[in-house]
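Report on the following structure.
The values are calculated or read from the model by the stated rules, or taken from the named source; none is laboratory data. The structure displayed is predicted, hence computed values, not measured ones. Neighbour counts run over all protein chains shown; Cβ positions are idealised from the backbone, glycine included.
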Amino acid sequence: MSLLEMFTHHRLMLYYKGDISALVMYAQQDNGSVCFPTALPPLSSPLEEDETETSNISVHPAALLNSLNQILGLDNDLLKVEPGFCQQIDAPGGIITVHMARFQLLDPPHKLMSAHNCKMKTLPELRGRPPADMELLRRAYIKVMEG
């Protein structure tokens with residue numbers, strides 16, 4: 001299985017949270033997507049908790065993170081999987097499961113992500129994204145602030 005094939009039905013959202021300031025920022029690709037390594041397909045919509053599907057076959061979020069680190073050329077200790085965040089998206093090609101990973105840095109990784117044609121943005125700066133992205137961001141923000 002190639003690195004990108006692992007992401008056929010999986011995505012990662014990358015975020016930064018300042019331990020002192022509680023500043024929360026999300027990585028956004030040049031194409032506007034907050035999902036990595038590729039955007040959600042058009043017409044995607046988040047499933048509610050009572051609509052989610054369970055599967056006996058799954059990819060562990062740590063394996064996804066390791067693959068994304070290889071794709072982006074990032075150090076393995078730069079990001080950490082956010083436990084307890086697992087959202088399912090109904091997409092034209094089937095269910096996509098989205099996990100989240102946090103940058104383990106003192107300051108937002110603006111320069112690092114800029115080198116990958118990405119930007120770090122706050123939630124208000126991400127307004128106007130497709131509805132599935134906005135709902136994912138809303139759920140992610142709740143998880144980050146509760147955690």
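Below, the figures for the structure above:
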item: Region 126-137 residues that are at pLDDT below 90, paired with ones that are hydrophobic (A, V, I, L, M, F, W, C) and part of a helix (DSSP H, G or I) (beta carbon under 8 Å, 6 or more apart); result: ARG129/LEU137
item: Members of region 86-105 found to be over 14 Å from the mean Cα position of the chain (by Cα) and touching a residue at least 40 places away in the same chain (Cβ under 8 Å), listed by number; result: ASP90, ALA91, PRO92, GLY93, GLY94, ILE95, LEU105
item: Evaluation of SER67 against (1) in contact (Cβ under 8 Å) with a residue 60 or more places away in the chain; (2) under 19 Å from ALA140 (Cα atoms); (3) buried (at least 18 other Cβ atoms within 10 Å of the Cβ) (one fails), failing number; result: (2)
item: Single condition LEU79 does not satisfy, out of (1) surrounded by 16 or more Cβ atoms within 10 Å (Cβ to Cβ); (2) closer than 14 Å to GLN29 by Cα; (3) touching a Lys or Arg at 6+ places or on another chain (Cβ under 8 Å); (4) not hydroxyl-bearing (Ser, Thr, Tyr); result: (2)
item: Test for LEU78: is it under 14 Å from the mean Cα position of the chain (by Cα), aliphatic (A, V, I, L, M) and farther than 16 Å from HIS9 by Cβ; result: no
item: Selection count where residues are over 16 Å from the mean Cα position of the chain (by Cα) and not in a helix (DSSP H, G or I), scope region 128-147; result: 2
item: Region 56-96 - residue that is part of a strand (DSSP E or B), within 22 Å of VAL144 (Cβ to Cβ) and out of contact with any strand residue (DSSP E or B) (no Cβ under 7 Å at 6 or more places or on another chain) and, of those, modelled with the highest pLDDT; result: PRO83
